[in-house]
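What follows is a single structure, written as structure tokens, with notes after it.
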Amino acid sequence: MCSRYVGFILLVWFPGALHAQSAARHCPAPALVGGYFVPVKETYSHDFQLTYACENTYKPAVEGWWATSVCQDGTWSHTPQCIDEKGCFPPTIANGKYTHASDGWYEEESVIRITCDKGYEHKNNLATAKCANGTWSSLPTCEQSIKTCSMPPKVPHAVIVHQGYLELFPEDSKVHYECKDGYRMEGSDKNPIVCLAGTWTEYPTCSKVTVRGDHTSTERGTQPGSGGGGGSRPDSGHVSVEVGTGRGHSTSSGPGTQPGSGGYPSTSDTRPIMIPIKDCGTWPLVPNGVVVVQDRMFLKFTCNAFYTQVGPEDVVCYNDGSWSQIPICKDAFCVMVPGYYTYGLRLSENQFIKEGELTYIPCEWNDYSVAVRCTDRRITHTSCCRSYDHQWKRCSIVRENFLPVGSLIKK
């Protein structure tokens, strides 16, 4: 008698638990054509794992010669299915997308077209893939576009507003800077900056605003001897600063200035003296290059993709307020401009090829393409050849193009 009351009380207290157990629906046995599964039942409980395999000339719709599927509230985690062994599974394309098959797999001879995400382009200009005997031929990849910019340059004392963090910015992207409190933007006409052909346009700077009595001034950088930082001396009364010019002599301002009495040490050596980079103000701009290391005493540059670096990697600040020699980023690519090139190939937009790279450009017929090579900024290409046995030596070289590469890029 007592146990009945206890059971009644439990039912009253825990109706939700009983409802949750009964709510989980069972799964019906799958209709598996061309295969078999174990164990064979009419229905399967929630969380039951079913194992299945396929007969000859078939394979499971997932990787492996056998597969498992789990019953999840009346539905199988993937529908057990046996497909033609020559069919293909959906490929994984990083930074790209395509139209997925409604039944989860692709029959032999199926062709898919890959669309790259913004900021990416097809490597070797290959955009399609074909299912052949269970595998994809020439599966396209999406790589960073030459017209895409990396992160915008860091401006001291500023932040980027109205834009979340991104690693890549498509061409024509715009970003806005805003100076922190106590700083004023110099070169506001350069805000926002724009991504053009893989390079950011010139950016603004933020200068500190100081108040002296009823007068407000803006410190434009921190040049040695300017009173704004690294090169100033805490003299009282009239300020007199002596600076080594790096040319074998020194300059002074104000009466009574003694050689070597303050500021940066003077020297008779013709070599300039290195000082912290903050004392040279705005960083130098290297077209098609970015700063990859910011040290107290130097900046390290590297060139964007499709460019090669000439000159020093490190740039330092001298005690006369000047920067050392900056590197140059030279073109290291070729451009095929729109037009007719060979029978079956007519381009409608610029095609960029890295120096030393062998690229394939699709022709107007399926499975045909042209092999293109960029050497010393000179393009050599072949006639249209079949893609699946495409080799440089098998296709006749039909044309060499000498193009003014630099003039074809929008700066």
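When 1/r is averaged over all different Cα pairs and the result inverted, which Kirkwood radius in Å belongs to the stretch 145-221? Averaging 1/r across every pair of different Cα atoms and inverting gives 13.5 Å.
The alpha carbons of the stretch 296-355 give a radius of gyration and a Dmax of 18.8, 62 Å, in that order.
Computed from point charges on the beta carbon alone (+1 for Lys and Arg, -1 for Asp and Glu), the dipole magnitude for the stretch 145-221 about its Cα centre is near 160 Debye.
Just list whichever of LYS147/LYS300; LYS330/LYS354; LYS118/LYS154 have alpha carbons separated by over 19 Å in the model shown. Correct reply: LYS147/LYS300; LYS118/LYS154.
Only alpha carbons enter this Debye calculation for the stretch 267-331, each as an equal point scatterer, and the log10 of I(q)/I(0) it gives at q = 0.12 Å⁻¹ is -0.31.
Altogether, the Stokes-Einstein calculation at 20 °C and 1.002 mPa s, with the Kirkwood radius of the stretch 27-100 over Cα pairs as Rh, returns a diffusion coefficient of 161 µm²/s. Binning the alpha carbon pair distances of the stretch 96-144 at 10 angstrom intervals from zero yields the distribution 28, 50, 21, 1, expressed in whole percent. Extent along the principal axes, Cα only, for the stretch 67-181: 65, 42, 18 Å, with the longest axis given first.
Every number here is computed from the coordinates shown, using simple stated rules; none is lab data. Keep in mind the model is a prediction, meaning the values are calculated, not measured. Neighbour counts run over all protein chains shown; Cβ positions are idealised from the backbone, glycine included.
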